[in-house]
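Bear in mind these aren't lab numbers, they're just calculated from the coordinates by the rules spelled out. Values in this document were obtained by computation on a predicted structure and should not be read as measured data. Because the Cβ atoms are built from the backbone with ideal geometry, glycine has one as well, and the counts that use them run over all protein chains shown.
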């Protein structure tokens, strides 16, 4: 197992360096000198520009600049936003809980609904339910998310008035941000209305963000279950008189879950990418919304730092999934 | 020759590969529906100038936000209504179909061509080149696709349809590269490749005319599914204001344009989204059908 872990680590280090190389290149490839961009339309005197370039190390050879950047990243210094003058790291840390809250809710929605549906479809293979579910699953995977989100708002918020249109909580509540997770913070605020308001704000974005994972989980569960249900040990279990429900839920589902768990883990990238759209639609104050704004405001340090953090997060989770998979399935440890 | 003709009529030749493929493809009703919708869309896209009742950018100043024809206040001049600038939505959707298909085709062609080249190079060169290329692809795969696309649009400077297409091509590149490399590696170990090499075939001939034709099946499937994800990603970028710019009748741009008015004029939002959904769904159904028909092992 230790050897397996070490081998995986040796694989992600070059990938991480590659990612930093790309984010390093990003700020040099975008049009405009990074210093001049900071001054914007006002402009800056040539001597002052040269002094500032020297200060920022921009007159050094590229390889030296890259090493400096690596050293900076290693100490957690991701630069300063051009617009707000705040460190990129602290901006990210303030917004990240909102994205986590949304993503976790979305994946819970996807798993709690997709898993049972996939199991039932596999057991009733070839039935109208199976066909219907698979049709819905392709439709879900083909869904243009911006449209889906706005249609949900149109129907449930504007038409029926059930849920609010945007934000994380209604303006009438003031909640002390302790953890940054609205559900937890409102829970401790002793104001029942605040918790309800937070849940109400979360429902639609979570459903919209969870739609594509839902389609993936349902499909994957179904095909994994079908494979397991054909195994000899399932026939043996049935032959010795185990009840149908027990065969499905205990004998089959447990083994069918391994690939499904992997797929759920790998949805993190999908969720973070989807967060860009969902957070923009619902004005959800999270990392995705922040990244899009940074492009629109040409706040390149934020884009650079934010993208690096998002990529690192995906790598970290993939690494975790890899390890779990190796733990669950000794065959792939080799 | 005469002997063959003399065979009794009951002995039929085995079905050709094409016929066998078609038979197994046609079993899948979803795939047939997908194919039909695709053909319809292509016909509409080609004949946009004839089919569309109006120009996609002409503004009718007497009819802003006219509802669809079947609702009170609507008229058959504008079957699906007009937008906030008095443009006919149906005509914009029809021209948008042309745009979406062009986007899909360009993105798939570009990433397919470059991906094939890189994948073949990695498989044939091996060693350091292989490792370097595959590590690069790993790096690209770490970024969530939309995040990477946003970054590339930022690097390219100003948002435009062309830049967004380029961004989406790069994002999908690793999938093709990995696929081609894996397929080429497994073919390279086969005897017929060794035979061709012994017969004196050069590297380029081995690559393009010996190995590549045998890697085509998974590539076709990937390209079909890539078509739909290209349309989706491009629409998402345009929605964020990072792709096609108004007044281009692109479906994602139409969604973004609907933002201000959709709460009182639902048709501004509903129809462009449905157009995207139907198109993407058609390509996905067709792609799934192709995969099942081309690779019987994957059939469930």
Pick from A:140, A:193, A:288: which residue has the top mean-square fluctuation in a GNM of chain A where Cα pairs under 10 Å get a spring? A:193
Evaluate the relative contact order of the stretch B:150-246 (contact order divided by residue number), counting alpha-carbon pairs under 8 angstrom at least 6 apart; express in whole percent. 49
Order these by the 10 Å Cβ neighbour count, fewest first: A:109, B:286. A:109, B:286
Translational diffusion coefficient, Stokes-Einstein: compute it for the stretch A:1-156 using the Kirkwood radius over C-alpha pairs as Rh, at 10 °C and 1.306 mPa s, and state it as an integer in µm² s⁻¹. 75
Against the longest principal axis of chain A, how steep is helix A:300-328, in degrees 0 to 90 to the nearest 10, with axes from Cα atoms? 30
If we restrict to alpha carbons, what Rg and Dmax does the stretch A:150-261 come to, in Å? 21.6, 62
Round to a whole angstrom and tell me the spacing of the C-alpha centers of the stretch B:192-255 and the stretch B:113-163. 13
With the 8 Å Cα cutoff and a minimum separation of six or more residues, chain A has a relative contact order in percent of 26
Order of B:251, B:267 from fewest to most other C-beta atoms within 10 Å? B:267, B:251
Pick out which of B:82, B:194, B:248 has the largest mean-square fluctuation in a Gaussian network model of chain B, springs linking Cα atoms closer than 10 Å. B:194
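Can you give me the convex hull volume of the Cα atoms of chain A, divided per residue and expressed in Å³? Present the calculation step by step, with values, prior to reporting the outcome.
Numbers: hull volume 63.6 nm³, N = 334.
Spread over its residues, the Cα hull of chain A gives 190 Å³ apiece.
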Please give, to one decimal in nm, the separation of the simple spin-label points placed at residue A:158 and residue A:17, each 7 Å out from Cα toward the Cβ. 5.3
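Would you work out the relative contact order for chain B, in percent, from Cα pairs under 8 angstrom that are 6 or more residues apart? Kindly include the intermediate steps, with their values, before the conclusion.
Values: 413 pairs, mean separation 70.8, N = 300.
Computed value for chain B: 24 percent relative contact order.
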So what's the angle, to the nearest 10 degrees on a 0 to 90 scale, between helix B:216-239 and the longest Cα principal axis of chain B? 20
Simple SL model, points at 7 angstrom along Cα→Cβ for residue B:40 and residue A:266; separation in nm is 3.4
With each label point set 7 Å from Cα along the Cα-Cβ vector, what nm distance links residue B:160 and residue B:129? 3.4
Between 0 and 90°, nearest 10: helix A:287-296 axis offset from chain A longest Cα axis: 40
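Per-residue mean of other chain beta-carbon atoms within 10 angstrom of the beta-carbon, peptide A:21-31?
Values: counts 2, 8, 2, 0, 1, 4, 1, 1, 6, 5, 5.
Per residue, the number of nearby Cβ atoms from other chains is 3 on average.
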Beyond 31 Å, the calculated P(r) of the protein assembly as shown holds a percent of Cα-Cα pairs equal to 60
Within 10 Å of each Cβ of B:270-282, how many other protein chain Cβ atoms are there on average? 4
Taking the Cα centre of each part, how many Å lie between the stretch A:194-237 and the stretch A:58-88? 41
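From other protein chains only, count the Cβ atoms within 10 Å of every residue's Cβ in B:152-164, then give the mean. Provide the component values of the computation, followed by the final result.
On the way: counts 2, 1, 13, 10, 3, 5, 1, 2, 0, 0, 0, 0, 0.
Mean inter-chain Cβ contacts per residue within 10 Å come to 3.
Quick one: grab the alpha carbon gyration tensor of chain B, order the square roots of its eigenvalues as a ≥ b ≥ c, and give me rounded if a/c is under 1.5, else prolate or oblate depending on whether a/b is larger than b/c.
Values: a/c = 3.07, a/b = 1.53, b/c = 2.00.
Oblate, because a/c is 1.5 or more while a/b does not exceed b/c.
How many Å³ per residue does the convex hull of the Cα positions in the stretch B:171-285 occupy?
Convex hull of Cα atoms, per residue: 114 Å³.
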GNM, chain B, Cα, under 10 Å: largest mean-square fluctuation among B:283, B:166, B:143? B:143
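For chain A, what is the calculated [θ] at 222 nm in deg cm²/dmol (nearest 500), taking -39500 (n - 2.57) for each run of four or more DSSP H residues and dividing by its residue count?
Numbers: 14 runs with 235 residues, N = 334.
Taking each H run of at least 4 residues, the total per residue is -23500 deg cm²/dmol.
Fewest to most neighbouring Cβ within 10 Å: what's the order for B:12, B:23, A:238?
On the way: B:12 7, B:23 11, A:238 14.
Going from sparsest to densest Cβ surroundings: B:12, B:23, A:238.
Go ahead and run the numbers for FRET between residue A:90 and residue A:44, Cβ-Cβ distance against an R0 of 22 Å, rounding to 0.05. Each step should come with its number before you reach the end.
Details: r = 27 Å, r/R0 = 1.22.
In this case the efficiency is close to 0.25.
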